Protein chains: 2
Amino acid sequence: MQKEYNLSKNQKIIFDLIDKSGGPMKAYSILFNVQKKGIKAPLQVYRALDKLVEIGKIHKIESRNAFIACQNSSCQISKATAFSICESCENVSEISNSKLSKYLSNFSDNSGMKYSKYNLEFFGLCKKCKSK
Amino acid sequence: MQKEYNLSKNQKIIFDLIDKSGGPMKAYSILFNVQKKGIKAPLQVYRALDKLVEIGKIHKIESRNAFIACQNSSCQISKATAFSICESCENVSEISNSKLSKYLSNFSDNSGMKYSKYNLEFFGLCKKCKSK
DNA sequence: AACGTTATGTAATAATATAACATTTATAAG
DNA sequence: CTTATAAATGTTATATTATTACATAACGTT
Ligand SMILES: [Zn+2]
Ligand SMILES: [Zn+2]
Ligand SMILES: [Zn+2]
Ligand SMILES: [Zn+2]
């Protein structure tokens with residue numbers, strides 16, 4: 001069960017926007033889109049993004065400097081994330097594959113390092129773009 | 001066998017710097033360090049970095065906006081990369097684990113997408129930082 | 001009410017990355 | 001050697017992404 005976190009005003013505005021967009025959004029595009037709602041400064045956006053990432057409502061797509069709503073209802077915190085990214089149309093989707101996440105969560109090597117978090121990004125061509 | 005690519009002047013200066021540093025370096029830190037060698041503008045650095053990434057001599061650590069020399073002699077192109085990152089001291093090392101790379105290179109799901117590339121970043125605490 | 005914590009507002013600035021254009025150097029073919 | 005082509009360089013300006021610093025307000029608990 002996902003704990004219902006009580007989002008603040010700015011957090012809610014920004015989460016709703018990203019969620020409705022259905023894809024990754026960049027910080028300044030978010031800013032542009034919420035200015036009519038009174039959010040005027042980059043920092044207001046980044047603060048809300050930070051919190052939303054922290055509680056797992058959104059994830060950052062590191063290779064794109066963009067943020068996407070969690071598509072996996074069980075992601076409470078952003079600690080084990082995997083995405084597929086189309087290099088042509090830039091479509092992004094969150095991969096939720098229990099075998100993959102088990103494999104990676106249990107991964108260890110001989111470095112003596114304990115891994116508590118990972119982020120994986122796959123790149124390629126989506127179905128649509130392949131057939132062009 | 002790794003093809004010996006003939007690096008240009010700027011590419012060589014920048015690769016040598018990153019390689020000698022032994023860890024990840026940021027673009028503007030690189031710029032600062034090569035100014036005495038006549039490389040004066042960000043674009044000169046970014047162009048060399050782009051090429052070095054393309055041919056696999058360095059990789060970009062996406063979550064840190066930093067670049068590290070390839071520690072795995074067989075990485076001809078940056079198409080299958082995995083790193084471990086200490087969240088305390090920011091030490092980064094390239095993971096070369098053939099099981100892991102096989103598993104990820106062969107990964108496929110029912111999305112219909114063909115993956116040609118991936119990047120994986122593990123986060124945690126390194127041996128040293130754990131024992132503090 | 002008093003307190004500590006979280007969120008907000010605002011301005012300025014830092015850090016990261018690319019666009020546009022002119023020129024030079026390297027590579028390969030004829 | 002000459003011409004053509006691609007790759008690399010130099011330079012200026014600018015775009016994009018993200019944080020610092022400081023002041024104020026709202027929220028949750030006792
Ligand atoms: Zn998720
Ligand atoms: Zn596509
Ligand atoms: Zn490598
Ligand atoms: Zn460490």
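Before we move on, is residue B:65 within 16 Å of DNA strand C (Cβ to nearest atom), open to solvent by 20 Å² or more (accessible area, probe 1.4 Å) and either among the polar types (S, T, N, Q) or in contact with a helix residue (DSSP H, G or I) (Cβ under 6 Å, 6 or more places away or on another chain) (or both)? Quick ask: steps written out before the conclusion?
Working: within 16 Å of DNA strand C (Cβ to nearest atom): yes; open to solvent by 20 Å² or more (accessible area, probe 1.4 Å): yes; either among the polar types (S, T, N, Q) or in contact with a helix residue (DSSP H, G or I) (Cβ under 6 Å, 6 or more places away or on another chain) (or both): yes.
Here the answer is yes, as residue B:65 does meet what is asked.
Exactly one condition in (1) surrounded by 14 or more Cβ atoms within 10 Å (Cβ to Cβ); (2) at the interface with chain A (Cβ under 9 Å from one of its Cβ atoms) is not met by residue B:48; state its number.
(2)
Could you go through region A:109-127 and let me know if any residue there is at the interface with chain B (Cβ under 10 Å from one of its Cβ atoms), modelled with pLDDT under 95, within 20 Å of residue B:114 (Cα to Cα) and open to solvent by 80 Å² or more (accessible area, probe 1.4 Å).
Checked region A:109-127: at least one residue is at the interface with chain B (Cβ under 10 Å from one of its Cβ atoms), modelled with pLDDT under 95, within 20 Å of residue B:114 (Cα to Cα) and open to solvent by 80 Å² or more (accessible area, probe 1.4 Å).
Within region B:62-88, which residues are more than 21 Å from residue A:101 (Cα to Cα) and modelled with pLDDT under 95? Quick ask: steps written out before the conclusion?
So in region B:62-88, the residues more than 21 Å from residue A:101 (Cα to Cα) come out as B:64-78, B:88.
B:71, B:72, B:73, B:74, B:75, B:76, B:77, B:78, B:88, listed by residue number.
Return the pair list, or none, for Cβ contacts closer than 7 Å from residues in region A:69-88 that are away from every other protein chain (no Cβ under 12 Å) and under 20 Å from residue A:116 (Cα atoms) to residues that are outside any loop (DSSP other than H, G, I, E, B) and open to solvent by less than 30 Å² (accessible area, probe 1.4 Å), at least 6 apart or on different chains.
Within 7 Å, the pairs are A:70/A:58; A:70/A:59; A:70/A:94; A:72/A:94.
Pull up region B:53-62, narrow it to residues that are in contact with a helix residue (DSSP H, G or I) (Cβ under 8 Å, 6 or more places away or on another chain) and open to solvent by less than 30 Å² (accessible area, probe 1.4 Å), then point me to the one that is farthest from the other protein chains (Cβ to nearest Cβ). Steps first, answer last, please.
Taking region B:53-62 and keeping what is in contact with a helix residue (DSSP H, G or I) (Cβ under 8 Å, 6 or more places away or on another chain), we get B:57-60, B:62.
Restricting the remaining residues to those that are open to solvent by less than 30 Å² (accessible area, probe 1.4 Å) gives B:58-59.
Numbers: B:58: 16, B:59: 12 Å.
Among those residues, the one meeting the criterion is B:58.
The values are calculated or read from the model by the stated rules, or taken from the named source; none is laboratory data. Keep in mind that what you see is a predicted model, and the values were worked out from it rather than measured. We place every Cβ from the backbone using ideal geometry, glycine too, and count neighbours over all the protein chains shown. Each accessible area value is taken on the protein alone, full model and side chains, heavy atoms only, with ligands, DNA and RNA left out. Shrake-Rupley method; radii C 1.70, N 1.55, O 1.52, S 1.80 Å.
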